[in-house]
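Just below is one structure, and these are the notes that go with it.
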Amino acid sequence: MNIYVCVKHVPDSAATITVEGKTGINEKITFLVNPYDEHALTEAGRIKRSMPDIEVIAVCLGKASAENTLRSAMAMGADRSILIETDRTLDSIFTARALAAAIRSDGQPWFIITGKESIDNEGMQTHFRLAQNLSLPVATNVVKVDVNGDSMTVECEREAGTIDIFRMAAPCVIGAGKGLNNPIYPTFPDIVKSRKKDIKKISLPELAIQTPAAGMVVEALTPAEEQRFRTALTGSAAEVAAQIVDILKNEAKVI
């Protein structure tokens, strides 16, 4: 049985992002596995340890440099991986179609797991669109998975800590939340072994994906700039305290 883990190659959140042109960034920074996808990989590994006949396959859509992210995914436990190579920046609609096509061409999924969102776009759409393309049930922000033969019970965290519990027939799609587990990071031997594992590379045109009627295009990227203004507060301690309260209430609007 196959577990497909869809991962994304994203910039390190600690990196300094520099916008180039209207819609590009300087990519001479560190890229890594999307943090939410680390929870997905860890959960796939946990299930595989209890069911030895499972094969875990990591799938990624991205540039050739995304191979590094797939090596990391295999160091975290994926048995092999698939890289759909493209230099294009694609929205979640097309991305879901590409991932679905690659999975269909590779084999029959037992279930598909990915992060509930990516830290770069934060669209929270891909796993829903992937499920729709494959005509599968889907659950998001999953914080617990119990496998019961050909079905699984999942707990999904909602706002204010409310938990929804669903029983889902396999195959299905799961969007992993942070509460699902604590990611297990690879050891040095794991990293060495990952270099010998197979990455199947597919060019995007090979999948012959029909262009969706709808689509999203990034028109421009603008750096977020913080503007700070200094204000001198004078007077007695009581007067200064009153001025601080006024600023927090009427300007910062935090009280």
(message) Would you work out the Kirkwood radius for segment 1-111? I mean one over the mean of 1/r across all pairs of different Cα atoms, in Å.
(response) 14.8 Å
(request) Provide the packing ranking of 194-202, 155-163, i.e. peptides ordered by the mean count of other C-beta atoms within 10 Å per residue, highest first. (result) 194-202, 155-163
(request) Would you list which lysines come within 22 Å of LYS22, measuring only between C-alpha atoms, while excluding same-chain residues fewer than 8 positions from it? (result) LYS63
(message) How far apart, in nanometres, would the label points at ALA170 and ALA242 be if each is projected 7 angstrom from Cα along the Cα-to-Cβ direction?
(response) 7.0 nm
(request) Work out from phi, with θ = phi - 60° and the Karplus expression 6.51 cos²θ - 1.76 cosθ + 1.60, the ³J(HN,Hα) of each residue of segment 70-78, listed in order in whole Hz, and give x for Gly and Pro. (result) 5, 4, 5, 4, 6, 5, 7, x, 5
(request) Provide the net charge surrounding LEU134, with neighbours chosen by a C-beta distance below 12 Å and charges set as Lys +1, Arg +1, Asp -1, Glu -1. (result) +3
(message) Just to confirm my numbers, what's the Cα centroid distance between segment 95-125 and segment 161-211 in Å?
(response) 8 Å
(request) Calculate how many DSSP beta bridges within the chain are antiparallel, expressed in % of all such bridges and rounded to the nearest 5. (result) 40 percent
(message) Using the Karplus curve 6.51 cos²θ - 1.76 cosθ + 1.60 with θ = phi - 60°, what ³J(HN,Hα) values do you get for each residue of segment 31-36, in whole Hz, with x for Gly and Pro?
(response) 10, 8, 5, 3, x, 5
(request) First check a/c for segment 2-207, with a ≥ b ≥ c the square roots of the eigenvalues of its C-alpha gyration tensor; if it is under 1.5, answer rounded, and if not, answer prolate when a/b is larger than b/c or oblate otherwise. (result) rounded
(request) Per residue of segment 51-66, in order, report the coupling 6.51 cos²θ - 1.76 cosθ + 1.60 (Karplus, θ = phi - 60°) as ³J(HN,Hα) in whole Hz, putting x for Gly and Pro. (result) 9, x, 7, 7, 10, 9, 10, 8, 10, 9, 10, x, 6, 4, 5, 5
(request) First measure r as the distance between the Cβ atoms of GLU251 and SER65, then evaluate 1/(1 + (r/R0)^6) with R0 = 41 Å and state the FRET efficiency to the nearest 0.05. (result) 0.40
(message) Please enumerate, by chain and number, the lysines with C-alpha under 18 Å from the C-alpha of LYS48, excluding those fewer than 8 residues away in the same chain.
(response) LYS144, LYS193, LYS197
(request) Return the distance in nm (one decimal) between the two label points of a simple spin-label model at THR89 and ARG104, each offset 7 Å from Cα along Cα→Cβ. (result) 2.8 nm
(request) Quantify, in whole percent, the carbon and sulfur part of the accessible surface of the chain (1.4 Å probe; protein heavy atoms only). (result) 51 percent
(message) Compute the orientation-averaged projected area for segment 129-205 from the convex hull of its Cα atoms and round it to one decimal in nm².
(response) 8.0 nm²
(request) Compute the semi-axes of the equivalent ellipsoid of segment 52-150, taking the square root of 5 times each eigenvalue of the Cα gyration tensor, and list them largest first in whole Å. (result) 21, 18, 14
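The values are calculated or read from the model by the stated rules, or taken from the named source; none is laboratory data. These numbers come from a predicted model, not from an experiment. Using ideal geometry, Cβ is built from the backbone for each residue, glycine included, and neighbour counts are taken over all protein chains shown. Please note that ligands, DNA and RNA were not included when accessible areas were found on the heavy atoms of the full protein model with its side chains. Shrake-Rupley method; radii C 1.70, N 1.55, O 1.52, S 1.80 Å.
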